[in-house]
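All remarks here apply to the structure that follows.
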Amino acid sequence: MIIAVDGPAGAGKSTISKLVAKKLGIQYLDTGAMYRAVTLYFLENNVDFSNIDEVEKNLDKIHIDFLNNIPFLNNIDVSKQIREKNVNDNVSAVSALAIVREKMVDLQRKMSNNKSVILDGRDIGTVVFPNANYKFFLVASVDLRAQRRYKEELEKGNKSANIDDIKKSIENRDYIDSTRTVTPLKKADDAIQIDTSYMNIEEVVESIISYIK
Ligand code: DC
């Protein structure tokens with residue numbers, strides 16, 4: 001069984017998908033973490049994203065996998081680094097590259113082969129698994145998404161978090177993710193849209209589970 005959960009940054013996809021996975025006893029795959037890991041590798045190794053040959057050569061040196069939902073880049077736990085500002089600021093540009101998407105989509109399909117998996121991302125229901133058993137598209141207003149990310153930053157102990165900067169960063173990512181030429185963020189025609197703006201996490205989880213037979 002494949003469950004696809006797509007939507008913009010901060011709509012609650014990863015928190016909700018993880019809980020649904022736990023309740024149903026299936027695997028969770030955070031595809032955003034994979035694009036983040038590629039971005040981290042490129043930043044750490046000064047790869048020029050505008051040079052496709054360089055991107056291609058370096059993609060071959062990247063190995064991504066997960067152990068208990070923890071992302072590993074070339075066997076190193078990168079769960080913290082991939083959430084940092086330099087990655088946030090560059091991940092939309094890296095994930096707009098066709099060659100990066102091709103490699104990630106291929107890997108996502110392999111990782112889900114013959115398993116029951118809930119995947120969250122931007123193109124799961126449209127490209128990675130157009131025949132997924134269930135498709136959801138989570139949305140929420142930009143102000144509420146910024147508030148959620150701001151709260152997460154405060155919980156992480158980031159005292160310099162600024163809600164206006166977070167909102168601008170989300171708007172910028174929304175813009176790049178939904179206007180890129182290669183598979184932009186788009187609701188699949190057959191996806192169930194859930195507006196999470198005024199729902200708590202448990203309500204969204206229950207709503208999704210109510211569709212699963
Ligand atoms: O879900 P997230 O914020 O961790 O995703 C990080 C970035 O990766 C996001 O700006 C868009 C990109 N992404 C994508 O293009 N396709 C996916 N399936 C998942 C994420």
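The values are calculated or read from the model by the stated rules, or taken from the named source; none is laboratory data. Just so it is clear, the model here is predicted, and its values are computed rather than measured. Cβ coordinates were reconstructed from backbone atoms using ideal geometry, including for glycine residues, and neighbour counts include every protein chain displayed.
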Restricting the range 8-23 to residues that are at pLDDT 95 or above and more than 14 Å from ALA33 (Cα to Cα), the one farthest from the ligand (Cβ to nearest atom) turns out to be LYS23
What are the residue pairs meeting all of these: first residue in the range 166-189, first residue over 12 Å from PRO8 (Cβ atoms), second residue surrounded by fewer than 14 Cβ atoms within 10 Å (Cβ to Cβ) and among the aliphatic types (A, V, I, L, M), Cβ atoms under 7 Å, and 6 or more apart or on different chains? VAL182/ALA98
Residues of the range 22-45 that turn out to be under 27 Å from ASP6 (Cα atoms) and in a helix (DSSP H, G or I), as a count: 16
Taking interchain pairs and intrachain pairs at least six residues apart, which have beta carbon atoms under 7 angstrom, with the first residue in the range 119-147 and in a loop (DSSP other than H, G, I, E, B) and the second surrounded by fewer than 16 Cβ atoms within 10 Å (Cβ to Cβ)? ASN133/MET1; ALA140/ASP195; ALA140/SER197; SER141/SER197
Residue ID - nearest to GLU84 (Cα to Cα), chosen from residues in the range 153-164 that are assigned to a helix (DSSP H, G or I) and in contact with a helix residue (DSSP H, G or I) (Cβ under 9 Å, 6 or more places away or on another chain): GLU153
Tell me whether the range 148-165 contains one or more residues that are modelled with pLDDT under 95, within 11 Å of the ligand (Cβ to nearest atom) and not small (Gly, Ala, Ser). yes
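Please go through the range 27-46 and pick out each residue that is over 16 Å from the mean Cα position of the chain (by Cα) and buried (at least 18 other Cβ atoms within 10 Å of the Cβ).
Step one: filter the range 27-46 for residues over 16 Å from the mean Cα position of the chain (by Cα), giving 41-46.
Scanning the range 27-46 gives TYR41, PHE42, LEU43.
Condition check ((1) under 22 Å from ARG109 (Cβ atoms); (2) in a helix (DSSP H, G or I); (3) in contact (Cβ under 8 Å) with a residue 60 or more places away in the chain; (4) hydroxyl-bearing (Ser, Thr, Tyr)) across all residues:
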| site | (1), (2), (3), (4) |
| --- | --- |
| ALA11 | no, no, yes, no |
| VAL47 | no, no, no, no |
| VAL55 | yes, yes, no, no |
| ILE62 | yes, no, no, no |
| SER79 | no, no, no, yes |
When you scan the range 64-77, how many residues do you find that are in contact with a strand residue (DSSP E or B) (Cβ under 7 Å, 6 or more places away or on another chain) and assigned to a loop (DSSP other than H, G, I, E, B)? 1
Please count how many residues of the range 33-64 are within 17 Å of GLY121 (Cβ to Cβ) and out of contact with any helix residue (DSSP H, G or I) (no Cβ under 7 Å at 6 or more places or on another chain). 0
Going through the range 81-100 in order, the residues found to be more than 9 Å from the ligand (Cβ to nearest atom), charged (D, E, K, R) and either assigned to a helix (DSSP H, G or I) or over 22 Å from ALA146 (Cβ atoms) (or both) are LYS85, ASP89
Given the conditions (1) within 30 Å of LYS61 (Cβ to Cβ); (2) more than 11 Å from the ligand (Cβ to nearest atom); (3) part of a loop (DSSP other than H, G, I, E, B), every one holds for LYS103 apart from (3)
